[in-house]
Amino acid sequence: MDKEIEQGYNEILESLRKRSLWILHYCTGCGAIELPPTMTSRYDMGRFGIVPFVTPRQSDILIVTGYVNIKTLRRIITSYEQMLDPKYVIGFGSCSINGGIYWDSHSVIKKLDSYMPVDLYIAGCMPRPEAIIHSFKHLMELIDTGKADGYRRYKENYDFYRKNQRKVLGKWR
Amino acid sequence: MEIERLNQVIRGTVEVKRKQRVDIIVDNADIVSALHSLKLFGFNQLTLVTAVDWIEEQQFEVVYVLYSNAQKVVAIVKARIPRENPEIETIEDLYPNANKYEVELTEMFGIKVRGNPDSGKPFLLENWHDLPPMRKDFDSIKYATEHYEARHRKENND
Ligand code: SF4
C-alpha cells in the first residue's frame, strides 16, 4: 500500500515538475544565439513554463549550447553540481554530440556524455528555435515517464564521470 | 595627409598600401620606438597583437594592428623575430590593453614578452603540457585524438 502511495505521489510530482522548468542561463558556444528568439515573443517558450534563470541553485535545466572546451567544462561541471535535484542536461548542437566542426581542436571535448549525464541531445548546427521547443516538449515527456534520470545516473556512476573529468582536466578537486 | 611623414620618424620600411592603410616593417629592436612614434602620430587604438609562424624561414612575425580615429587609417606594424628563443619587449605602458594580447602570444606561440608580469601565466589553456598550440609544428589532430574521447558511430545505432 505504501509503495503505491509513494508511486502515485511521485507521478504527481513528475507531472508538476514538467510544467515549471527553469533554464540556467549560461551559454557555452555559438548555438546560444538561437536562445533569445526562443525566449522572446516570436517563439515564446514561456508558454511551456520554461524561463531562463540566473543562478544554478534555482534552475532545473542546464543547456550546453555548443562546443565545450576544457576551460568551459570545468565551469559547467561546477554549475551542474551546484544545481539541486532534479536537474536535466540538454546537449545542444552537433558540437556537444561529437565535436562538430571542432573535432580536431586542441581544446574542445568531443563527447559530452562522458563528462556529465545528458538527458537529451538536439542535433543541428545550430538547431532552430522549433527544434529547441520540440526538445523541451520531448524532455517534458521524458520527465513525465520518469526517463529523464540523468541526475540519478550521475550519482550512481560518479566514479566513471569523475575518472573521465580527471583525464582531461587533471587533478582539480 | 601626414602619413607620408612617417618615413622620417620610424626606422623601418613604411609602405602606404591604400589611402587608409599603411604597412610598416621594423626590426625586433625598433618595435617599441616605432609604436611610440605612431602613438604620437595619433594612432590611439591598439586593435590586435598577434603572430604568424613562418616555419620554413624559422621565423615568427609579430603583428600589431593600430587604428587612428582622427585620420581613419589602419597601421600594421610587422617584425620578424627568430623562431628559436623568441622574445619581444612589452608595449603595455604605451597601450595598456596589449597586456592580454601579450599573454596570449606567450601561451599560443611561446613568444616571451619581457616586462609583462603576466607573460607565461596560464590564461586560456588549462592543464597544458604540450607545445604552444598555434605553432605550425603542433599537430592538433593528433593531440585531439589522443586526449579527447571521440564518439563512434556504431554505438549510436543500437
Ligand atoms: S554545433 Fe554549430 S552552432 Fe553549435 S556550437 Fe557547434 S559550431 Fe556553433
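The values are calculated or read from the model by the stated rules, or taken from the named source; none is laboratory data. As the structure is a computational prediction, the values presented were derived from the model and not from experiment. Positions of Cβ are generated from backbone atoms using ideal geometry, with glycine treated the same way; all protein chains shown enter the neighbour counts. Areas reflect the complete protein model, heavy atoms only, side chains present, ligands, DNA and RNA absent. Shrake-Rupley method; radii C 1.70, N 1.55, O 1.52, S 1.80 Å.
Quick notes on this structure:
- Note that the stretch B:46-105 presents 45 Å² accessible area per residue, ligands and nucleic acids not counted, probe 1.4 Å.
- Accessible area (Å², 1.4 Å probe, nearest 10) - A:PHE92: 0
- Distance between modelled label sites at B:ASN69 and A:CYS30, nm, 7 Å Cα→Cβ extension: 3.0
- Sulfur and carbon atoms: percent of accessible area, the stretch B:3-147 [1.4 Å]: 51
- The amide H of B:ALA51, built 1.01 Å from its N in the peptide plane, has B:VAL63 as neighbours under 5 Å, considering only residues 5 or more places off or on other chains.
- Look at the alpha carbon pairs under 8 Å that are at least 6 residues apart: their mean separation over the length of chain B gives a relative contact order of 16 percent.
- Centre separation in Å (Cα based) which lies between the stretch A:73-110 and the stretch B:26-98: 37
- Mean residue ellipticity (222 nm) of the protein assembly as shown, computed from DSSP H runs ≥ 4 via -39,500 (n - 2.57), nearest 500: -9500 deg cm²/dmol
- Rolled with a 1.4 Å probe across the full set of protein chains, the surface gives A:MET45 an accessible area near 0 Å².
- Interface size A-B, as summed buried accessible area [1.4 Å probe, Å², nearest 100]: 1700
- Gaussian network model of chain B, springs between alpha carbon atoms under 10 Å - residue of B:SER33, B:SER140, B:SER68 with greatest fluctuation: B:SER140
- Stokes-Einstein diffusion for the stretch B:3-147 at 25 °C, viscosity 0.890 mPa s, with a Kirkwood radius from C-alpha pairs, works out to 153 µm²/s.
- Quotient of C-alpha Rg and 2.2 N^0.38 Å, computed over the stretch B:23-64: 1.30
- Unit charges on C-beta of K, R, D, E only; dipole of the stretch A:20-169, Debye: 500
- Point-charge dipole on Cβ atoms (K/R +1, D/E -1) for chain B, about Cα centre, debye to 20: 720
- Using the Stokes-Einstein relation with a Kirkwood hydrodynamic radius computed over Cα pairs, the translational diffusion coefficient of the stretch A:14-82 at 20 °C and a viscosity of 1.002 mPa s comes to 168 µm²/s.
- For B:LYS112, the solvent-accessible surface with a 1.4 Å probe is about 120 Å², rounded to the nearest 10.
- Whole-percent pair-distance distribution, where bins are 5 Å wide, for the alpha carbons of the stretch A:20-169: 2, 10, 20, 24, 22, 14, 6, 2, 0
- In range of the label at A:LYS155: residues from the stretch A:28-71 whose backbone nitrogen is under 19 Å from the point 7 Å along Cα→Cβ: A:57-62
- Shown for chain B: lysine pairs separated by 8 or more places, or found on different chains, whose C-alpha atoms are under 18 Å apart, numbering 10.
- Accessible surface for chain A, divided over its residues, is 50 Å² per residue with a 1.4 Å probe.
- Separation in nanometres of the label points that stand 7 Å from Cα toward Cβ, at A:LYS171 and A:LEU84: 3.5
- For the protein assembly as shown, the calculated P(r), taken from all Cα-Cα distances in 20 Å bins from zero up to the bin holding the longest distance, is 26, 42, 27, 5, 0 percent.
- With 20 Å² as the minimum drop in accessible area between chain alone and full protein complex (1.4 Å probe), the qualifying residues in the stretch A:150-170 are A:LYS167, A:VAL168.
- Pairwise label distance in nanometres, B:ASN97 with B:LYS17, each label 7 Å out on the Cα-Cβ vector: 2.0
- Solvent exposure, largest accessible area first (probe 1.4 Å, DNA, RNA and ligands not counted), of A:THR65, A:THR55: A:THR55, A:THR65
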